[in-house]
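Only one structure is covered here, and it is reproduced in the block below.
The values are calculated or read from the model by the stated rules, or taken from the named source; none is laboratory data. This one's a predicted model, so the numbers in the text were calculated from it and none came from an experiment. Because the Cβ atoms are built from the backbone with ideal geometry, glycine has one as well, and the counts that use them run over all protein chains shown.
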Amino acid sequence: MRARGLVGAALLVACNPVTPPGLVLDVGRTCEDIALVVADPDVLPGWRIHAAAIARSGGAATWLLASEHPGELELRRVPEDIPGVDLTTVGAAHEFTLVRGPSEGQIWLTLDGGDGAQLWRIDEDEAAVSVGPPLGDFPGDGSTEWFYRLVFLGQSPHLLALPRQTKAGEVPLHIAAVTPALALGERWTSSATVTCPPLSELNCPLLWEDLRELAVLDVAEPGSVAGAALLISIASLPDVAPDPESPPAMLQTHIISLTLQRDPATERPVVTRRDHVAWSTDGPVLPSPAQIAADPLGIYVLAGLVPGPEGSSADATPADYLFRADLLGPDTTDEGGVIALLNKDLHSHLLQLGSRVALGQLPKRHWYVAPVEGATVDEDIVGTLEVGEHSSLLRAGRGQVVVVTESAPSRRVQIGCADDAPAEDR
């Protein structure tokens, strides 16, 4: 996998199907080998798992958003040393985000109900689950619905609110500090505005007045970046009553990232917007894959398109795009560029391994992982694990993933360096 090349074939050829032993979870250094080791061969048997988060690096404590029966939803711990939370009457699985905190032993759950939010904090040291009050008064504008996401600036939690409809060129952003009681403290407003080159009035999204649909696609793992990073799509709203005699209207999908950092001079968050790509299609589409990760020097975005629901005739992108942008600080305008094109049949995805980023691929029955260094995916260091067909991956943080496979137990897998593995196993 070289920069700006067609990635995939070389990665598959390079893989040894034997998983080397000697896993070391410290991946804040250059690995000689990547290992994928099954840490739990049967996670919460009989339950459907929606999300997972690891409490401590290398530990066994896993918090799961899961359902034992249709219409039920619980927050469960494995092993069950701390009582869980019944969420059946609180919200649906897709309305929750479950993430590790930047501090070891801390897990956070966020309810995004569209018209309000609510927070839960799990502290392993105190064996306690704290629940905050409903946050329906944030940001105080009932004229639109909002997306709510929890992010961290250093160790401090903050709640973000982004409108579900907005103009393409200027995205309003509301930020509120979260208090120890899981209420909201100091608040700020900001605007993520596109930077247009001179003489670009006709093509500058800042001058477009129509409302478009915004979606929060992904949030970088807490602690992976000095601040927070989000991946967002802004898409044209399809015509609810198209003229059958007219050619289909072209729809646009913008993929942008927002990086939040604290300004040490003013103590307020500063937002940096990067516009990575704008695709035009002849029908509704959905961004997939759509992930963001970071290392100390840059952010990585993996993005592609698939046809939208309800029988959309739009074509998917022929490849998935891996972007990288330098993380230069709050004043940067660097939007980065494409460092690789990935065949969609390889089902590529980004993985956060501590302060490093890796690229995973799941073409059929085997899962492959290779580290990304700068603008290069290292084909010479590849970990592999047989997972079975029709598998999906739930990133659990701290270098761990729950592999969910049809008609097979869910498995928790640790990813890390295997520098101590015997030479014959590498």
Residue match in the stretch 233-247 (condition: at pLDDT 95 or above and among the hydroxyl-bearing types (Ser, Thr, Tyr))
yes
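Please indicate, with yes or no, whether at least one residue in the stretch 110-120 is touching a Leu at 6+ places or on another chain (Cβ under 8 Å), hydrophobic (A, V, I, L, M, F, W, C) and without any contact (Cβ under 8 Å) to a residue 40 or more places away in the chain.
Taking the stretch 110-120 as the starting set, the residues that turn out to be touching a Leu at 6+ places or on another chain (Cβ under 8 Å) are 110-111, 116-120.
Then keep just the ones that are hydrophobic (A, V, I, L, M, F, W, C); that gives 111, 117, 119-120.
Checking the rest, the ones that are also without any contact (Cβ under 8 Å) to a residue 40 or more places away in the chain come to 111.
Yes, there is a match, as at least one residue in the stretch 110-120 is touching a Leu at 6+ places or on another chain (Cβ under 8 Å), hydrophobic (A, V, I, L, M, F, W, C) and without any contact (Cβ under 8 Å) to a residue 40 or more places away in the chain.
Can you find, within the stretch 186-209, the residue that is modelled with the lowest pLDDT among those that are in contact with a Leu (Cβ under 8 Å, 6 or more places away or on another chain) and surrounded by fewer than 16 Cβ atoms within 10 Å (Cβ to Cβ)?
The first filter runs over the stretch 186-209 and keeps only residues in contact with a Leu (Cβ under 8 Å, 6 or more places away or on another chain), leaving 189-194, 196, 201.
Of the ones still in play, those that are also surrounded by fewer than 16 Cβ atoms within 10 Å (Cβ to Cβ) are 189, 191, 193, 196, 201.
Working: THR189: 95, SER191: 94, THR193: 92, CYS196: 82, GLU201: 66.
This residue is GLU201.
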With the requirement that a residue be of a type in the set (D, E, K, R) and within 24 Å of PRO79 (Cα to Cα), what does the stretch 382-413 give you?
ARG395, ARG398, GLU406, ARG411, ARG412
Here's a check for you: in the stretch 409-426, which residue that is assigned to a loop (DSSP other than H, G, I, E, B) and modelled with pLDDT under 90 is surrounded by the fewest Cβ atoms within 10 Å (Cβ to Cβ)?
PRO422
Those residues of the stretch 160-183 that are buried (at least 19 other Cβ atoms within 10 Å of the Cβ) and touching a Gly at 6+ places or on another chain (Cβ under 9 Å) come to a total of 3
Those residues of the stretch 367-391 which are surrounded by 17 or more Cβ atoms within 10 Å (Cβ to Cβ) and either under 18 Å from the mean Cα position of the chain (by Cα) or assigned to a strand (DSSP E or B) (or both), in sequence order
TRP367, TYR368, VAL369, ALA370, PRO371, VAL372, VAL377, GLY383, THR384, LEU385, SER391
Which residue, of THR405, THR332, is within 28 Å of ASP275 (Cβ to Cβ) and either modelled with pLDDT under 85 or not small (Gly, Ala, Ser) (or both)?
THR332
Exactly one of (1) in contact with a Leu (Cβ under 6 Å, 6 or more places away or on another chain); (2) within 28 Å of VAL357 (Cα to Cα); (3) at pLDDT 95 or above is unmet by ALA215. Its number?
(1)
